[in-house]
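To start, the structure itself, in structure tokens.
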Amino acid sequence: MTQERTRVIVTRRLPEPVENRMSELFDPVFNETDIPMDAAALKAAVAEADILVPTLGDRIDADVIAAASPRLKMIANFGAGVDHIDVTAAVKKGIIVTNTPGVLTEDTADMTMALILAAPRRIVDGVGALRNGEFSGWSPTWMLGRRIWGKKLGIIGMGRIGCAVARRAKAFGLEIHYHNRQPASPMIEDALDATYWESLDQMLSRMDIVSVNCPHTPATYHLLHARRLKLMKPEAYLVNTSRGEVIDEAALALALDRGELAGAGLDVYEHEPAVNPKLLKSPKVVLLPHMGSATIEARIDMGEKVIINIKTVLDDHSAPDRVIPDDL
Ligand code: DGY
């Protein structure tokens, strides 16, 4: 099969330059409507494609993988997180899975920093008040938030994005603490003045701001459950730009309601696109619609990575961003 005749089915609209390049290289089928595909459509796609290009929100579970025809060589995910794909089932069937790490690190870290600032400094409250005509002049006691400088930031997950958040946070005068499966290298710890906490519980109880930057895996599902949220200081803030499933969203809504946490900045949700109604209503929460990596540059770079991964596999080389499941 020549590369031009490779049937690449893309589940969502991608930036124009990415679709154009794919059209030059392969035989792609694009989703003109951009309506997310349901299970039946995904099964039909894997039965027909040589390569599937899904993205987050497409549930590529064991059932969908079972429907794949032997011609499906590869699932080239448009995105870094692969928690929507049953990678083990795919790999067991001989299907290569790739993702797009690295190219959305800095943008996601910027958005994390934006939430770290926005929640304690009440930026969204301020915009709302101004627009509602509530600004009657500067006041010594109006719109008071909490200072960032000198506070302790606890990062859960010191991978690429966690480190990029730490670099930014350090420049804002935050003290860097982190919890990770393994300590970071001494070089990273020194550069960031970062303190490693083997015990997440111990770290949580001492932080002023906690940022979730670990992937969603079976081990991190509801990592921040009700008991752990209760360990946090009532004046602390929680920020999540990773995956909603890492936090028990109902427990978080309750903790905020009860005044057990000062506030939160969320870009991701447990049941996207649904958002817990209590969080939607809470004035203590800054909510964004999963836009951490939403820059034109990141999305084009992600597309570029998808194309490189596909081309490498079609050339019978090892894909640069191959995902290897932990359990195989
Ligand atoms: C990803 O690539 O997994 C990100 O969540 C997209 O923002």
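Any residue at all in the range 61-69 that is under 17 Å from Asn309 (Cα atoms) and surrounded by 18 or more Cβ atoms within 10 Å (Cβ to Cβ)? No: zero hits. Of all residues in the range 35-55, exactly one satisfies the criterion of being surrounded by fewer than 20 Cβ atoms within 10 Å (Cβ to Cβ), within 16 Å of the ligand (Cβ to nearest atom) and assigned to a loop (DSSP other than H, G, I, E, B), namely Pro36.
Look at Asp83 and say whether it is part of a helix (DSSP H, G or I) and either open to solvent by 20 Å² or more (accessible area, probe 1.4 Å) or hydroxyl-bearing (Ser, Thr, Tyr) (or both). No, not satisfied.
Tell me which residues, restricted to the range 219-248, are farther than 18 Å from Thr112 by Cβ and open to solvent by less than 40 Å² (accessible area, probe 1.4 Å). Explain how you work it out, then say what you get.
Taking the range 219-248 as the starting set, the residues that turn out to be farther than 18 Å from Thr112 by Cβ are 219, 221-222, 225-231, 233-235, 248.
Matches in the range 219-248: His222, Leu229, Asp248.
Looking at Gly128, Gly159, just one residue is within 14 Å of the ligand (Cβ to nearest atom), surrounded by fewer than 19 Cβ atoms within 10 Å (Cβ to Cβ) and in the same structural domain as Asp208 (by TED's automatic domain parsing), and that residue is Gly159. Considering Glu32, Glu4, the condition of being among the charged types (D, E, K, R), farther than 17 Å from Ile95 by Cα and part of a loop (DSSP other than H, G, I, E, B) is satisfied by Glu32 alone. How about the range 18-34: which of its residues are farther than 28 Å from Ala62 by Cα and open to solvent by 50 Å² or more (accessible area, probe 1.4 Å)? Once the filter is applied, which keeps residues that are farther than 28 Å from Ala62 by Cα and open to solvent by 50 Å² or more (accessible area, probe 1.4 Å), the range 18-34 yields Asn20, Arg21, Ser23, Glu24. Scoring His216 on the criteria (1) open to solvent by less than 50 Å² (accessible area, probe 1.4 Å); (2) in contact with a strand residue (DSSP E or B) (Cβ under 9 Å, 6 or more places away or on another chain) leaves a single failure, condition (2).
Which of the residues that make up the range 244-287 are assigned to a loop (DSSP other than H, G, I, E, B) and either outside the structural domain of Pro218 (by TED's automatic domain parsing) or more than 15 Å from the ligand (Cβ to nearest atom) (or both)? Talk me through it step by step, then tell me what you get.
Step one: list which residues in the range 244-287 are assigned to a loop (DSSP other than H, G, I, E, B), which gives 248, 258-262, 267-270, 272-273, 275-276, 282-284.
Listed by number, the residues that qualify are Asp248, Arg258, Gly259, Glu260, Leu261, Ala262, Val275, Asn276, Ser282, Pro283, Lys284.
For every residue, the table says whether it meets (1) without any contact (Cβ under 8 Å) to a residue 60 or more places away in the chain; (2) open to solvent by 30 Å² or more (accessible area, probe 1.4 Å); (3) within 16 Å of the ligand (Cβ to nearest atom); (4) more than 27 Å from Arg322 (Cβ to Cβ).
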{"residue": "Leu72", "(1), (2), (3), (4)": "yes, no, no, no"}
{"residue": "Lys92", "(1), (2), (3), (4)": "no, yes, no, no"}
{"residue": "Thr100", "(1), (2), (3), (4)": "no, no, yes, no"}
{"residue": "Asp110", "(1), (2), (3), (4)": "yes, yes, yes, yes"}
{"residue": "Asn132", "(1), (2), (3), (4)": "yes, yes, no, yes"}
{"residue": "Cys163", "(1), (2), (3), (4)": "yes, no, no, no"}
{"residue": "Glu175", "(1), (2), (3), (4)": "yes, yes, no, yes"}
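The values are calculated or read from the model by the stated rules, or taken from the named source; none is laboratory data. Because the structure is predicted, anything quoted here is derived from the model rather than measured. Using ideal geometry, Cβ is built from the backbone for each residue, glycine included, and neighbour counts are taken over all protein chains shown. Note: accessible area is taken over every heavy atom of the protein model, side chains too, but ligands, DNA and RNA are not part of it. Shrake-Rupley method; radii C 1.70, N 1.55, O 1.52, S 1.80 Å.
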